[in-house]
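Please read the structure below before turning to the comments.
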Amino acid sequence: MRILEIAGICVVALLALLFAVFFRRRLLRLGGGTIRVQVRISTMVPGRGWSPGLGQFVGDELRFHRMFSLAIRPKRVLDRRTLTVRERRLPSGPERLTMPGHWVILRCGTGLAELEIAMAETTVTGFLSWLEAGPPRGPGSVSGRPAFGPRPIEG
């Protein structure tokens, strides 16, 4: 009888955990502006290290939440002002087994580090539009020509 009680408690705890994971995912999607993505967390083994999740657009940020997690905070936050797409490729090798065939992998730079993001081909268009539609960069972020003649020489 004692074994059945322990087994019942384990089953109820597992069901509560599954409910919490799916409820969290539903809450994230409720706010709108979410896409299915995979982010490469580890590059130790070629073609491996992909983590499925939800990308949530909030202002100038793309917040990555892992699919099977209870964390309220995002795993990664990508800022539109520093994010650049450097390469676009199709999944190859073991990657073809971990993601759908119509997905595309984007190798991005975030200023200090490189990152790979995978998403559906139809989602890439919206992602690139969001990336390019950002507000103009702040003053001093891009060196441009001086507005009023040559710059004074410091010294």
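Here, each number is a calculation from the coordinates, and none is a lab measurement. What you are looking at is a predicted structure, and each value in this text was computed from that prediction instead of being measured. Cβ atoms come from the backbone with ideal geometry, glycine included; neighbour counts cover every protein chain shown.
Observations, loosely collected:
- Taking 0.36 nm per residue of separation and subtracting the current Cα-Cα distance, fully stretching the chain between Arg88 and Leu70 would add 3.4 nm.
- Amide H contacts of Val37 (H built 1.01 Å from N, in plane; Pro and chain starts excluded): Gly53, Leu54, Gly55 sit under 5 Å, all sequence-distant by 5 or more or on other chains.
- (i) 240; (ii) 194; (iii) 131, with the label sought being that of the calculated volume of the Cα convex hull per residue in Å³: (ii)
- Charge sum, other residues only, whose C-beta stays under 11 Å from Pro74's C-beta, Lys/Arg counted +1 and Asp/Glu -1: +4
- Vicinal HN-Hα couplings computed from phi for the stretch 63-78 (Karplus, 6.51 cos²θ - 1.76 cosθ + 1.60; Hz; Gly/Pro x): 9, 9, 10, 5, 5, 10, 9, 9, 5, 7, 7, x, 6, 9, 10, 10
- Formal net charge of residues neighbouring Gly47 (Cβ-Cβ distance under 10 Å; K, R +1; D, E -1): +2
- Once the Cα atoms are used to define both axes, helix 121-132 deviates from the longest principal axis of the chain by about 40 degrees.
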